[in-house]
Structure formats: structure tokens, C-alpha cells
Amino acid sequence: MKHTHPLPGDIGLTQISGVTGRLIRFGQWINGDGFANYEHAFLVLPDDRLLEAEPGGARIRPLSQYTGADVLYVCPKGLTEQQRSGICKAATRYVGVPYSFLDYAAIATHRFHLPVPGLRRYIAATGHMICSQLVDQCYQDAGVHLFADGRWPGYVTPMALYELLAR
């Protein structure tokens, strides 16, 4: 479900420019998401704040940093206030979790069915996450499972969130 005004618990999807954005687009392409328009996902928190994964670790920042940016705000239909609260509460546990560009490679390895011991455990690990994994994990911690397609925990990209919630 799309929103014009973000609410706590919503997911923001946006573009990233420059080399980092191109690398993420390539990573998404390898994972079957094509050269898509959304390379970044973040979680809206109360008090006009957000949680996002960054190369220096997940951080809580002002939502105003995206003022004027092309951001699509989405959430599952029927998300309750109690669930939104639980998602936001879960988010605070992940401040500082390192970003992992290697997760794109791990997700691609799974997509291509390459036999790598421990791959599922690595992708599901919460000690390192890309932005979309971070958002998905906060939802899971609150008991809201976004994907019901049998995918591995952590097997999620920003475009997977777009395909699920914005189409």
C-alpha cells in the first residue's frame, strides 16, 4: 500500500545516485530485480526520524534528510498501530549493525543455486545487513512477515519490497 505522508512503520524506497547507487543497481540486477528505480530502503520511526543501513552502520537520522527527494512510502495493507509500534521498537535494536555489500553476492549465489555451505545462515544473519534486510528484519521481529513465498530469511532487496508493496 502506498502513502504520501509517511507514518511510523512505513518503508521508504528511494534512489541512490553516484557509484554506490550504480553498484547497488548492479547487485539487484544480478539478483533478478533488473536495473530498477529503487536502490535504498529505510524504516520510518516516530518523531520524524528514520532507521537506515549505511556503510558505517545502521543509523537513526532525521526524516527531513529526504525532504525534496523522490521517496515512495509503502507498508502492508491492514498494518495496525500495535504492529507499527512493534516494528519501530524493534528498529532501535539494530542501530550500529554493519552494512554488508557481500550480502548482495550471497543473495546472488543463492539465486543461481550455487552450493555454498553455510550460505543460508550467512544471508539470515543479523550481524550485517543491507538496507532492505534491515527493514524486513524489523518487521519480522514485530511478528509481521512481509513475504509468504518461502524465501530464505534475509533474501530481500529494495526492489523485492517495491514489487511486494507498491505494485
Checklist outcome for this item: Taking r as the C-beta separation of ASP48 and VAL116 and R0 as 45 Å, the FRET efficiency to the nearest 0.05 is 0.60
Next on the checklist: With a 1.4 Å probe and all protein chains kept in place, how do HIS145, HIS128 rank by accessible area, largest first?
Outcome noted: HIS145, HIS128
Checklist entry - In what sequence, highest mean first, do 68-77, 155-164 appear when ranked by Cβ atoms within 10 angstrom? => result 155-164, 68-77
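The values are calculated or read from the model by the stated rules, or taken from the named source; none is laboratory data. As the structure is a prediction and not an experimental result, all values here were calculated from the model. Quick reminder, even Gly has a Cβ in these numbers, built from the backbone with ideal geometry, and neighbours come from all protein chains shown. The accessibility values were calculated without ligands, DNA or RNA, using every heavy atom of the protein model including side chains. Shrake-Rupley method; radii C 1.70, N 1.55, O 1.52, S 1.80 Å.
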